[in-house]
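Colleague: Can you keep this structure in mind? I'll have questions shortly.
What follows draws every value from the coordinates through simple rules; no lab data is involved. Treat the numbers as computed from the prediction; the structure is a model and nothing was measured. Virtual Cβ from ideal backbone geometry, glycine too; neighbours counted across all protein chains shown.
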Amino acid sequence: MNLWTVIYIFLGVWVIYIFIRYFAPLRKREAGFPYVSVELDGSVRELYDDEKEYLNTEFEPTDSGRPYVKSRYGQLTPDGKIHGFIPRRRVPFWIEIKIADQLD
């Protein structure tokens, strides 16, 4: 193998890794709002109506009041906690998404 072949293989593996880690869906398509909420304890629940409205609101990119949406389940917020909004398809398939009223 020459050097260029090694470089191309490395870049291909790197691109596949980035796609799987940040963009690939982790569960099948499900009915419901496209986002869910990760709680402080790591459980995942459906959104309340006011949270859906908040996520549907248009914000300026520099607005500090815009919602924080995670790209991965394990990603921590700027304050070091796990909670936050996340796209439904980025929640790992082994984690149950609870109805909002089921949480104790």
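Colleague: Could you pull out every one of the aspartates and glutamates with an alpha carbon less than 17 Å from that of LYS28, ignoring same-chain neighbours closer than 8 positions?
Modeller: Cross-link targets: GLU46, GLU96.
Colleague: With a sphere of radius 13 Å drawn around the Cβ of GLN75, what net charge do the other residues whose Cβ falls strictly inside it have (Lys, Arg +1; Asp, Glu -1)?
Modeller: On the way: positive: ARG21, LYS70, ARG72, LYS81, ARG90; negative: ASP79.
With Lys, Arg at +1 and Asp, Glu at -1, the neighbours total +4.
Colleague: Using amide H atoms built in the peptide plane, which far-off residues or other-chain residues are under 5 Å from VAL36 H to H?
Modeller: ILE86, ARG88
Colleague: Quick one: helix 3-22 against the long Cα principal axis of the chain, what's the angle to the nearest 10°, folded into 0 to 90?
Modeller: Between helix and principal axis, roughly 10 degrees.
Colleague: Another question, then. For region 3-102, place one equal point scatterer on every Cα, skip the solvent, and apply the Debye formula. What is log10 of I(q)/I(0) at q = 0.13, 0.16, 0.19 Å⁻¹?
Modeller: Debye intensities relative to I(0), on a log10 scale: -0.55, -0.76, -0.97.
Colleague: Could you tell me the relative contact order of the chain? Use alpha-carbon pairs under 8 Å, at least six residues apart, and round to a whole percent.
Modeller: Numbers: 122 pairs, mean separation 36.2, N = 104.
RCO, the chain: 35 percent.
Colleague: Dipole of region 3-102, Cα-centred, from +1 at each Lys and Arg C-beta and -1 at each Asp and Glu C-beta, to the nearest 20 debye?
Modeller: On the way: 14 positive and 14 negative charges, 145 e Å.
My answer is approximately 700 debye.
Colleague: Calculate, in nm to one decimal, what THR57 and GLN75 gain on full extension: separation in residues at 0.36 nm each, minus their alpha carbon distance.
Modeller: Details: separation 18, 0.36 × 18 = 6.48 nm, distance 2.33 nm.
That works out to 4.1 nm of additional length.
Colleague: Let me ask something else about it. Report the local net charge at ARG29: Lys and Arg +1, Asp and Glu -1, summed over other residues whose C-beta lies under 10 Å from its C-beta. Before the final figure, lay out each step's value.
Modeller: Numbers: positive: ARG27, LYS28, ARG88, ARG89; negative: GLU30.
Net charge around ARG29: +3.
Colleague: What list of ³J(HN,Hα) values in whole Hz, one per residue of region 67-80 in order, does the Karplus curve 6.51 cos²θ - 1.76 cosθ + 1.60 (θ = phi - 60°) give from phi, with Gly and Pro shown as x?
Modeller: Couplings: x, 8, 10, 7, 9, 9, 4, x, 5, 8, 6, x, 8, x Hz.
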